[in-house]
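The values are calculated or read from the model by the stated rules, or taken from the named source; none is laboratory data. The shown structure was predicted, so the numbers you read here are calculated from the model rather than taken from an experiment. Cβ sites come from the backbone with ideal geometry, for glycine too, and all protein chains shown count toward neighbours. Remember, those area values only see protein heavy atoms, side chains included, never the ligands or the DNA or RNA. Shrake-Rupley method; radii C 1.70, N 1.55, O 1.52, S 1.80 Å.
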Amino acid sequence: MRTSIVRSVQSAIARSSSSSTYVRARAYSSDSVPERKVAVLGAAGGIGQPLALLMKLNPLVSKLSLYDIAGTPGVAADVSHINTRSEVSGYAGEEHLGKALEGADVVIIPAGVPRKPGMTRDDLFNINAGIVKSLCTAIAKYCPHALVNMISNPVNSTVPIAAEVFKKAGTYDEKRLFGVTTLDVVRAKTFYAGKANVNVAEVNVPVIGGHAGITILPLFSQATPKANLSDEDIKALTKRTQDGGTEVVEAKAGKGSATLSMAYAGAIFADACLKGLNGVPDVVECSYVQSNVTELPFFASKVRLGKNGVEEVLGLGPLSDYEKETLESLKPELLSSIEKGIKFANQS
Ligand SMILES: NC(=O)c1ccc[n+]([C@@H]2O[C@H](COP(=O)([O-])OP(=O)(O)OC[C@H]3O[C@@H](n4cnc5c(N)ncnc54)[C@H](O)[C@@H]3O)[C@@H](O)[C@H]2O)c1
Ligand SMILES: O=C(O)C[C@H](O)C(=O)O
């Protein structure tokens with residue numbers, strides 16, 4: 001029974017990645033899976049706890065390191081009783097951050113405050129920018145070669161902050177820094193499947209741009225399986241995807257933002273990073289990375305993952321007129337969030 005629950009969660013995650021990835025991943029025998037340490041920073045939080053659970057279910061992880069400013073020993077003890085491959089360690093307090101990070105292959109960062117109703121993601125900047133800066137300073141020191149999966153908002157600014165911190169430390173490698181935008185893809189797939197009345201497990205929708213309001217641009221013109229949706233339907237789906245986070249923030253009415261769907265999305269993205277590191281071919285996910293597919297220095301688009309992180313930032317493909325227009329209108333806001341992050345990292 002327990003084995004079947006673990007297997008069904010694992011295969012849901014595997015199916016969510018590209019189907020070719022799934023078929024090849026199954027070809028692994030447990031003996032041939034390399035040792036991989038994954039660290040979660042902010043592991044006692046609303047996202048951190050279910051993400052710790054999902055990473056504990058991932059057979060690609062051999063060491064799971066859970067770090068937070070407080071509360072991590074309990075989470076680690078709890079998760080450690082699950083009879084899966086990884087060895088779990090919990091670390092609480094800044095003096096243990098180095099140990100938590102040492103030897104990490106992938107660092108996932110859901111540390112920081114979430115939104116309340118009426119707030120934008122940018123309203124979190126003042127608190128979260130400092131948290132991300134100090135965590136990235138430690139990453140540069142203790143695991144400079146790790147792939148960094150940034151979840152903390154505002155992602156449009158926290159990723160540029162991380163890049164600047166790593167540049168200052170002399171450890172920046174643009175192939176290893178990712179803003180996690182997978183939740184936008186997860187939402188776009190769900191909403192599209194509902195409207196188009198197609199099997200959600202077969203749906204693919206790229207989401208480009210950034211991770212805040214109008215900077216989130218789902219490319220429904222490229223969605224598969226194809227469906228004959230009207231322009232109004234596409235506009236409504238686009239708006240719902242852009243407002244997906246706010247929908248959850250309002251429904252939670254002051255108790256935070258998306259945690260469970262984010263943990264799921266974060267687990268899919270981390271799994272894709274691990275598969276890439278392990279040499280699984282054709283691992284493609286959307287992510288907010290250093291990019292030259294547009295004139296903006298950071299941009300989310302499809303990315304091929306490999307043994308060094310980003311193997312290739314893929315182009316945008318053909319856009320509808322509506323998507324072209326929306327792309328142009330998101331650029332000023334995204335650029336200003338990027339510049340805000342860069343300025344913060346360099347002045348403080
Ligand atoms: N990228 C996305 O798609 C996405 C989706 C949902 C939420 N988020 C963001 O993720 C972040 C976390 O959300 P949550 O709901 O888990 O919040 P939460 O408040 O429930 O948990 C955050 C955790 O971070 C910890 N923390 C604070 N400062 C820290 C530090 N210096 N080092 C380590 N840990 C620290 C807190 O102790 C807490 O346990 C928020 O910024 C939220 O906006 C991003
Ligand atoms: O909306 C938020 O503040 C959290 C997150 O970015 C989300 O998209 O759910």
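What the table shows:
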| quantity | calculated |
| --- | --- |
| Residue, farthest from ligand 1 (Cβ to nearest atom), within region 62-88, restricted to residues that are of a type in the set (D, E, K, R) and either touching a helix residue (DSSP H, G or I) at 6+ places or on another chain (Cβ under 9 Å) or open to solvent by less than 50 Å² (accessible area, probe 1.4 Å) (or both) | 85 |
| Scope region 111-164; condition among the hydroxyl-bearing types (Ser, Thr, Tyr) and either under 17 Å from the mean Cα position of the chain (by Cα) or in a helix (DSSP H, G or I) (or both); matching residues | 134, 137, 142, 152, 157, 158 |
| Flag for residue 143 being over 21 Å from residue 210 (Cα atoms) and either open to solvent by 10 Å² or more (accessible area, probe 1.4 Å) or more than 15 Å from ligand 2 (Cβ to nearest atom) (or both) | yes |
| Residue, surrounded by the most Cβ atoms within 10 Å (Cβ to Cβ), within region 312-348, restricted to residues that are touching a residue at least 40 places away in the same chain (Cβ under 8 Å) and touching a strand residue (DSSP E or B) at 6+ places or on another chain (Cβ under 7 Å) | 334 |
| Residue in region 280-293 that is open to solvent by 10 Å² or more (accessible area, probe 1.4 Å), within 24 Å of residue 62 (Cα to Cα) and acidic (Asp, Glu) present | yes |
| Among (1) small (Gly, Ala, Ser); (2) assigned to a loop (DSSP other than H, G, I, E, B); (3) under 18 Å from the mean Cα position of the chain (by Cα); (4) away from ligand 1 (no atom under 16 Å from the Cβ) - the single one residue 258 does not satisfy | (4) |
| Near pairs, Cβ below 8 angstrom, 6+ apart or cross-chain, from region 23-42 (modelled with pLDDT under 50) to any residue that is open to solvent by 30 Å² or more (accessible area, probe 1.4 Å) | 24/281; 24/282 |
| Criterion (at pLDDT 95 or above, within 16 Å of ligand 2 (Cβ to nearest atom) and within 30 Å of residue 60 (Cα to Cα)) met by exactly one of 267, 272, 251 | 267 |
| Criterion (in contact with a helix residue (DSSP H, G or I) (Cβ under 7 Å, 6 or more places away or on another chain), over 23 Å from residue 298 (Cα atoms), without any contact (Cβ under 8 Å) to a residue 60 or more places away in the chain and away from ligand 2 (no atom under 13 Å from the Cβ)) met by exactly one of 227, 196 | 227 |
| Counted residues, region 125-140 - those being open to solvent by less than 20 Å² (accessible area, probe 1.4 Å) and closer than 23 Å to residue 93 by Cβ | 8 |
| Any pair with Cβ under 6 angstrom, 6 or more apart, that starts in region 163-184 at a residue that is within 16 Å of ligand 1 (Cβ to nearest atom) and ends at one that is of a type in the set (Phe, Trp, Tyr) | 179/288; 180/269; 181/288; 182/269 |
